[in-house]
Structure formats: structure tokens, C-alpha cells
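Below: the structure, in C-alpha cells.
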There are 2 protein chains.
Amino acid sequence: MAKAKEAEKPDNTVYIGKKPTMNYVLAVATQANSGVNEIVIKARGKSISKAVDVAEIVRNRFVQDLNVDDIKITTEVLEGEEGRESNVSSIEIFLKK
Amino acid sequence: MAKAKEAEKPDNTVYIGKKPTMNYVLAVATQANSGVNEIVIKARGKSISKAVDVAEIVRNRFVQDLNVDDIKITTEVLEGEEGRESNVSSIEIFLKK
């Protein structure tokens, strides 16, 4: 389901990393104002808090008609260099106009 | 709606703070195994990532029949000592058997 969505609209996902929060706010707001009606914010580990900040700041300050459509949390298994596996939580915040 | 829920079941909320993740995992798992069918995990700011970790660890390792029923994000306004207001994001993860 999520995969099919991604195949149709590959450019509507914003991945949250180590840059300042406002960089991602700008990325999401720009997409929302360029006619994209569904935007997905994705983050893993400690960036999850920043993802929530980004969604909230965009909605409250920049694109008031954007709503949280769904939020999914899951666990991803990352494989380290020596084959060791580690679990990391991830979040997907689905925003919709 | 959320308030009414809280009034009925005041003890099913686990607030995530600065303690180690496993403390909160244990708190949630203990509640789930003591007959509570709905548990809410709440966190603000940087603790949001830890809240997601707690939900995922409980579900994957300790209480397999616990599911994420809903996730809400919102912005809370905190008033500082000098009357300055600051915004902080918060999350509520609703778990249900």
C-alpha cells in the first residue's frame, strides 16, 4: 500500500536528518505550496522528535490547510559492518491538504 | 474526549521523561500484563523519539497482542519564568489490546 503510493509519487517524501529543523520545514512547505497534496515526513531514531516538530511548525505557521492524515511507527533492522543487526524505530507522518 | 477517557482511567498513561528507555518499557509492559487494555504513552520535545522506542520495544518483545490504535501529535505552549512562551511538540501513542 505504502509502496504503491511511493511508486506513483516518488517526490513527496521528506527525509529528516541532521540539518536544522527549519531546512525541513521549508522543504515541506515548498512542496505543499507547489501543488503537492500529500506529503510524507520520514525519520528514524533520534530524528523522530524533529520530524514531529517539522510537521507541527509547517501546519501551525506556514500551511494551515495541511492536516495530519495518518502516523505510522515501525521498527527497522539495520545491518552493521560486521553483520550485527540493530533495531531502530522509525516514523512516517502523512500530511494531506 | 481525551479528557473524558482520562477521567475514567487515570492510571493508564505513561509519561516519558529522562529515565532509561527500559524503565518505561517495563512500566508499559507491567500495565499491559495487569489487565489494562488501553495504555497511552505521552512525551514532549526530545523525549518523543524515546516514546516511539518504548511503544515499539513493548510490542515487539514483551506484549505481542498490543497494537497501536492511534497516534496524535500536537503543539503545547509552555510559559517560561519571565512570561515568555515557547512551543514544544508532543506525542500521544494510544496502545490497545
Say whether the condition of being modelled with pLDDT under 95, closer than 24 Å to B:VAL68 by Cβ and surrounded by 13 or more Cβ atoms within 10 Å (Cβ to Cβ) is met by at least one residue in segment A:14-22. no
So which pairs qualify, if the first residue must be in segment B:77-90 and under 18 Å from A:ARG61 (Cβ atoms) and without any contact (Cβ under 8 Å) to a residue 60 or more places away in the chain, the second must be assigned to a loop (DSSP other than H, G, I, E, B) and not β-branched (Val, Ile, Thr), the Cβ gap must be under 9 Å, and the two must be at least 6 apart or on different chains? B:SER86/B:GLY80
Are any of the residues in segment B:2-13 at pLDDT 95 or above, surrounded by 20 or more Cβ atoms within 10 Å (Cβ to Cβ), under 22 Å from A:ILE71 (Cβ atoms) and not acidic (Asp, Glu)? no
Return the only residue of A:ALA51, A:ALA43, A:ALA27, A:ALA32 being crowded, with 20+ Cβ neighbours inside 10 Å, part of a helix (DSSP H, G or I) and modelled with pLDDT of 95 or more. A:ALA51
Mind listing just one residue for me: the one in segment B:42-70 that is out of contact with any helix residue (DSSP H, G or I) (no Cβ under 9 Å at 6 or more places or on another chain) and within 7 Å of chain A (Cβ to nearest Cβ) and, of those, farthest from B:VAL25 (Cα to Cα)? B:ASN60
Considering only segment B:8-50, state which residues are in contact (Cβ under 8 Å) with a residue 40 or more places away in the chain and either within 25 Å of A:GLU56 (Cα to Cα) or in contact with a Pro (Cβ under 9 Å, 6 or more places away or on another chain) (or both). B:VAL14, B:ILE39, B:VAL40, B:ILE41, B:LYS42, B:ALA43, B:ARG44, B:GLY45, B:ILE48
All but one of (1) over 21 Å from A:ARG44 (Cα atoms); (2) in contact (Cβ under 8 Å) with a residue 12 or more places away in the chain hold for B:ASP53, so report the exception by its number. (1)
Determine which single condition A:SER86 fails, assuming it passes every other condition in (1) closer than 24 Å to B:GLY45 by Cβ; (2) assigned to a strand (DSSP E or B). (1)
Considering every residue within segment A:69-80, establish whether at least one is surrounded by 19 or more Cβ atoms within 10 Å (Cβ to Cβ) and modelled with pLDDT of 95 or more. yes
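The values are calculated or read from the model by the stated rules, or taken from the named source; none is laboratory data. Keep in mind that what you see is a predicted model, and the values were worked out from it rather than measured. Heads up, the Cβs are rebuilt from the backbone with ideal geometry, glycines too, and the neighbour counts pull from every protein chain shown.
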